[in-house]
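Heads up: the structure comes next, in structure tokens.
Only the coordinates and a few stated rules stand behind these numbers; no lab work does. This is a predicted model, so every value here is computed, not measured. All Cβ positions, even for glycine, are placed from backbone atoms using ideal geometry, and neighbour counts span all protein chains on display.
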Amino acid sequence: MSNARSIGYWTTTAVTVFILVSGGVADLVHRADTASGMTELGYPTYVMTILGVWKVLGALTIAAPRFPLVKEWAYAGTFFDLTGAFASHIAHGSGANHLFYTGFFALCAVASWGLRPASRKLAVPVFRGFGRVAEPQAKGARAVATGRMPAVA
């Protein structure tokens, strides 16, 4: 991993983890400003407890070494949370600052995910043909995988 890529990864990861922890704790303690923002957007305050738990767990997962499959889920949850917040602020007609911050933090999460070192990625192909090398197949295995049987002579 190049030095610039490493700096980019750790910077965006630190921002993402900080946003998840601080937002998760604010949700869990039902901070007054956070609760008023949630109700202003039309969400019940009990949603804060649910989001708070998942944000803190996601931050811990992203920051911790190992567990690449769980990291994939944590990054996906982070992306859903931040883009959902962005969409909620658009639908509500919130100020530009809300759109800027939620959009910026969503981009930080995507950058952190994309810049991960190999040690923090899944070692097995999840989606064949989408940027990962397919495993070599035995003769005849391709026919079974594609559903096409070889012609019989």
For Ala32 and Phe18, extending 7 Å from Cα along the Cα-Cβ vector and measuring point to point gives, in nm, a value of 2.6
For the range 36-43, Karplus-derived ³J(HN,Hα) couplings (6.51, -1.76, 1.60; θ = phi - 60°; whole Hz; x for glycine and proline) come out as 5, x, 5, 5, 5, 7, x, 9
Descending packing, highest mean Cβ count within 10 Å first, for 54-65, 95-106 is 54-65, 95-106
In whole percent, the Cα-Cα distances of the range 1-99 spread across 10 Å bins from 0 upward as 15, 43, 30, 11, 1
Extension length gain for Ile7 and Thr83 (0.36 nm per residue less Cα distance), in nm, is 24.9 nm
Karplus-derived 3J(HN,Hα) from phi for the range 2-14 (6.51 cos²θ - 1.76 cosθ + 1.60, θ = phi - 60°), whole Hz, x at Gly and Pro, runs 5, 5, 5, 5, 5, 5, x, 4, 5, 5, 5, 5, 4
Under the 7 Å Cα-to-Cβ spin-label approximation, Tyr101 and Tyr46 lie apart by a distance in nanometres of 2.7
